[in-house]
Amino acid sequence: MENKNSMNILALTLEQLIHTLETVYGKGRFHGRALYREIFKNANSDFLFVPEFAASQVLARDLEKNICLEPGRVKMVFQDRDLTKFITRLSDGMEIESVIVPMNRYNTLCVSSQVGCRMGCTFCETGRMGLQRNLTISEITGQLYNARHVLKKQIKNIVFMGMGEPFDNFSPVMAAVKIMNEQKGFDIALRHMTISTAGVVPGIRKLAAMNLPGIRLAVSVNAPDNPTRSQLMPVNNAWPLEMLKETLAAFPLPRKGTFLFEYILIKGVNDTKAHAENLAEFIHPLPVRLNLIPCNPVPGFTHESPSDADMNRFSQHLVGKNIFVIRRWSKGRSVSAGCGQLGRR
Ligand code: SF4
């Protein structure tokens with residue numbers, strides 16, 4: 001029988017936890033803070049020896065019984081040099097993938113927001129799975145818990161670029177953002193979190209209305225004209241490029257803030273000089289940093305990856321139009337952790 005006092009701790013902000021402690025146990029902020037710190041920062045659910053509980057041993061025992069801490073079980077870990085991909089098995093047996101990408105002095109965790117995805121981008125392995133289901137709040141925050149406390153990685157950045165379209169699971173994703181941001185807990189600054197969308201305009205508008213200071217928005221663009229983009233990303237039929245640009249222009253960026261645009265370069269599809277020029281025109285005057293990514297091999301998507309020379313040429317056209325380009329070497333190909341490859345077995 002389900003315990004009516006059970007608390008799914010990974011789905012709670014500190015204030016929500018304190019409120020529950022007050023209503024269920026008649027205790028408040030003092031114990032709430034200690035409990036939050038022990039679970040999120042120290043991965044310790046043995047409260048009997050925590051100083052704040054020294055005079056409240058009954059409460060400590062009750063909490064140990066009633067706290068539900070289920071980040072999912074890390075089932076497999078793959079390593080490609082310093083990049084790590086891990087598979088988490090969820091309580092219903094479904095599996096999700098997350099990737100830890102080393103940066104200069106810290107790691108970025110790429111989290112999933114759904115099992116599968118219904119956006120159907122043709123170059124993407126996750127899209128091929130279709131949408132199996134949305135992740136719950138704790139299944140999203142659980143990926144960070146596992147990366148930190150099971151795999152022992154220092155994580156400073158979060159990017160919602162794993163399996164799924166974050167704006168197709170809006171409320172749990174935004175609740176997870178708040179929990180990851182809690183200073184007494186995971187303590188990831190909003191400016192170190194990026195939500196990446198295929199261009200789901202209502203989601204961008206809802207995020208804009210929340211006015212979360214500093215949170216970053218990435219948009220998977222991949223083509224500068226509607227026919228090519230619709231062919232690669234069916235989402236473009238619902239929200240074409242003009243609407244996307246208009247929505248971005250109204251987005252409340254912080255001073256000197258930029259959007260991150262992703263452009264997967266696909267040989268023979270979106271890689272000509274004309275594509276680069278049209279892309280520069282689409283971007284202007286939005287403040288954008290453009291991630292240029294070579295397309296990864298995916299079964300069923302027959303286009304070959306561009307060569308270094310192709311990448312250089314395309315990048316140079318954009319730089320000539322004053323676009324800030326970051327060239328990404330698709331890390332993690334050998335473990336299928338590159339862009340568009342998650343969900344592959
Ligand atoms: S690229 Fe992103 S939005 Fe498109 S199908 Fe893959 S996971 Fe979904």
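A few notes on this one:
- Condition met for PHE40 (under 15 Å from ILE155 (Cβ atoms), away from the ligand (no atom under 15 Å from the Cβ), modelled with pLDDT of 95 or more and not aliphatic (A, V, I, L, M)): yes
- In the range 45-66, the residues that are loosely packed, with under 13 Cβ neighbours inside 10 Å and either outside any helix (DSSP H, G or I) or of a type in the set (A, V, I, L, M, F, W, C) (or both): ASP46, LEU48, PHE49, ALA54, ALA55, VAL58
- Exactly one residue out of VAL150, VAL177, VAL173, VAL115 is within 16 Å of the ligand (Cβ to nearest atom), out of contact with any Asp or Glu (no Cβ under 7 Å at 6 or more places or on another chain) and over 27 Å from THR302 (Cα atoms), and it is VAL173.
- The lone exception for ILE179 - which of (1) closer than 26 Å to THR136 by Cβ; (2) surrounded by fewer than 21 Cβ atoms within 10 Å (Cβ to Cβ) it fails: (2)
- Any hit, the range 298-315, residues being over 25 Å from ALA249 (Cα atoms), of a type in the set (Ser, Thr, Tyr) and surrounded by 12 or more Cβ atoms within 10 Å (Cβ to Cβ): yes
- Any hit, the range 79-93, residues being in contact with an Asp or Glu (Cβ under 8 Å, 6 or more places away or on another chain), farther than 30 Å from ARG328 by Cβ and not assigned by TED's automatic domain parsing to the domain that holds LYS152: no
- Counted residues, the range 186-209 - those being surrounded by fewer than 18 Cβ atoms within 10 Å (Cβ to Cβ), farther than 18 Å from ASN157 by Cβ and in contact with a helix residue (DSSP H, G or I) (Cβ under 7 Å, 6 or more places away or on another chain): 2
- Evaluation of ASN157 against (1) polar (S, T, N, Q); (2) out of contact with any Lys or Arg (no Cβ under 9 Å at 6 or more places or on another chain); (3) within 16 Å of the ligand (Cβ to nearest atom); (4) part of a strand (DSSP E or B) (one fails), failing number: (3)
- Taking first residues from the range 142-164 that are on the phi > 0 side of the Ramachandran plot and partners that are within 16 Å of the ligand (Cβ to nearest atom), the Cβ contacts under 6 Å between residues at least 6 apart in sequence or on separate chains come to GLY164/SER112; GLY164/SER113; GLY164/GLN114; GLY164/CYS117.
The values are calculated or read from the model by the stated rules, or taken from the named source; none is laboratory data. The shown structure was predicted, so the numbers you read here are calculated from the model rather than taken from an experiment. Cβ coordinates were reconstructed from backbone atoms using ideal geometry, including for glycine residues, and neighbour counts include every protein chain displayed.
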